[in-house]
1. Out of the residues in region A:95-110 that are within 15 Å of the chain's Cα centre (by Cα) and crowded, with 21+ Cβ neighbours inside 10 Å, which is farthest from residue B:41 (Cα to Cα)?
2. Of all residues in region B:32-60, how many are under 25 Å from residue A:34 (Cβ atoms) and either surrounded by 17 or more Cβ atoms within 10 Å (Cβ to Cβ) or aliphatic (A, V, I, L, M) (or both)?
3. (1) closer than 23 Å to residue B:105 by Cα; (2) in contact with an Asp or Glu (Cβ under 9 Å, 6 or more places away or on another chain): which one isn't true of residue A:63, the others all being true?
4. For region B:1-105, list the strands (runs of 3 or more DSSP E) that sit wholly inside it and hold at least 3 residues that are within 14 Å of chain A (Cβ to nearest Cβ) and modelled with pLDDT of 95 or more; which are they?
5. All but one of (1) exposed (fewer than 15 other Cβ atoms within 10 Å of the Cβ); (2) over 17 Å from residue B:103 (Cβ atoms); (3) not aromatic (Phe, Trp, Tyr) hold for residue B:10, so report the exception by its number.
6. So which residues in region B:13-31 are in contact with a helix residue (DSSP H, G or I) (Cβ under 9 Å, 6 or more places away or on another chain) and either crowded, with 16+ Cβ neighbours inside 10 Å or hydroxyl-bearing (Ser, Thr, Tyr) (or both)?
7. Is it the case, given these coordinates, that residue A:109 is among the β-branched types (Val, Ile, Thr), in contact (Cβ under 8 Å) with a residue 60 or more places away in the chain and more than 20 Å from residue A:12 (Cβ to Cβ)?
8. List the residue pairs whose Cβ atoms are under 9 Å apart, where the first residue sits in region A:38-59 and is at positive phi, the second is among the aliphatic types (A, V, I, L, M), and the two are 6 or more positions apart or on different chains.
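The values are calculated or read from the model by the stated rules, or taken from the named source; none is laboratory data. As the structure is a computational prediction, the values presented were derived from the model and not from experiment. Here the Cβ is made from the backbone with ideal geometry for all residues, glycine too, and neighbour counts use every protein chain on show.
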Amino acid sequence: DAGITQSPRHKVTETGTPVTLRCHQTENHRYMYWYRQDPGHGLRLIHYSYGVKDTDKGEVSDGYSVSRSKTEDFLLTLESATSSQTSVYFCATSPRALASETQYFGPGTRLLVL
Amino acid sequence: DQQVKQNSPSLSVQEGRISILNCDYTNSMFDYFLWYKKYPAEGPTFLISISSIKDKNEDGRFTVFLNKSAKHLSLHIVPSQPGDSAVYFCAASANDYKLSFGAGTTVTVRA
């Protein structure tokens, strides 16, 4: 398994506050992804990165920003958290940008916005 | 609009019997399909995949069948074991690395 950690693992915050989630990988994978998992929706792609400082939007990017200043770290920021952003967030990595390339997922961060 | 649908939220099966999980898709551009398995408090892990040029792929107890004309795929687990109790996500891709996931099916294997 790719070494992927996420921090924090759990967070409770209030509406309107900024929140940053961190994904750290030790596999030197070029591609990194942020997903959110919600009941009835499965996993939906928020943002992805195809290299250091190279990022792009996914399916549900509104209200989120990302940054990748080094290969191993991919940060997801909620500039002003809303209750609709209560979710479980997963980071994933892959060495190549191919559908056939397995994406390796971190353990997830459970975020509750009150 | 969800392009990958798993219409059965849950499935209960007796140990040793077959589990059949179904997945339907609407995007005819999808050409690669994957199944991921997820245990509670863990991230999803890759289970098995199939390219659109095939109609079957087998890996041990797991077999995925693809019916392109019906835009339908299924995952068969034979025989089902207690460790197979998990959430299973169907995912699809249209010639790139962006995956569209279904909502998941929770499988419970009864002893």
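1. A:103
2. Result for region B:32-60: 13.
3. (1) is the only condition that residue A:63 fails.
4. Counting at least 3 such residues, we get B:19-25, B:32-38, B:45-51, B:86-93.
5. (2)
6. Residues satisfying the conditions are B:13, B:19.
7. So residue A:109 does not fit the description; no.
8. Close Cβ pairs satisfying both conditions: A:40/B:103; A:42/B:4; A:42/B:91; A:42/B:103.
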